[in-house]
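Heads up: the structure comes next, in structure tokens.
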Amino acid sequence: QVQLVESGGGSVQAGDSLRLSCAASGRTFTSYAMGWFRQAPGKEREFVSVISEIGSRKYYADSVKGRFTISRDNARNMVYLQMSSLKPEDTAVYYCAAGTTFGRVVAGGYDYWGQGTQVTVSS
């Protein structure tokens with residue numbers, strides 16, 4: 001059982017940076033791959049990034065590759081998404097998610113979800 005709470009969202013200008021955090025609770029945290037998804041108004045929830053259980057493997061959507069960095073600190077039960085060179089099209093509610101299989105890029109591949117944090121990027 002994992003509970004997830006995102007934080008760090010806000011309103012920024014294009015080109016700015018922002019770091020999202022996901023605080024996880026549960027004794028089995030290290031058993032889960034952790035993903036980030038986002039959902040903009042009127043759009044389907046889309047995959048952003050995923051990191052394997054101990055952080056040895058990472059995967060990014062093409063839309064964010066080179067700009068976003070996912071990381072995790074298992075000792076603190078934390079997952080992060082460092083976002084740089086933000087664009088207006090990055091505007092969305094961002095969700096962290098926990099899943100049992102690394103590499104899933106669809107929402108259905110994850111078992112637990114946070115409540116989301118809003119990121120707004122203006123030009």
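The values are calculated or read from the model by the stated rules, or taken from the named source; none is laboratory data. On a predicted model such as this, the values are computed, not experimentally measured, just so you know. We place every Cβ from the backbone using ideal geometry, glycine too, and count neighbours over all the protein chains shown. Areas reflect the complete protein model, heavy atoms only, side chains present, ligands, DNA and RNA absent. Shrake-Rupley method; radii C 1.70, N 1.55, O 1.52, S 1.80 Å.
Please determine whether any residue of the stretch 47-59 is modelled with pLDDT under 95, among the acidic types (Asp, Glu) and not in a strand (DSSP E or B).
Yes, some residue in the stretch 47-59 is modelled with pLDDT under 95, among the acidic types (Asp, Glu) and not in a strand (DSSP E or B).
Suppose we keep only residues that are under 19 Å from Val12 (Cα atoms) and not in a strand (DSSP E or B) within the stretch 72-88. Which one would you say is most open to solvent (accessible area, probe 1.4 Å)?
By that ranking, first place goes to Lys87.
Pick out, from the stretch 1-42, the strands (runs of 3 or more DSSP E) lying fully within it that include 2 or more residues that are surrounded by 17 or more Cβ atoms within 10 Å (Cβ to Cβ) and of a type outside the set (Phe, Trp, Tyr).
Details: elements: 3-7, 10-13, 18-25, 33-39.
Correct list: 3-7, 18-25, 33-39.
Pick from Thr69, Thr91, Thr101, Thr117: which is modelled with pLDDT under 95 and either within 21 Å of Leu18 (Cβ to Cβ) or open to solvent by 40 Å² or more (accessible area, probe 1.4 Å) (or both)? Break it down into steps so the answer makes sense when it comes.
Numbers: Thr69 fails: modelled with pLDDT under 95; Thr91 fails: modelled with pLDDT under 95; Thr117 fails: modelled with pLDDT under 95.
Exactly one residue qualifies, and that residue is Thr101.
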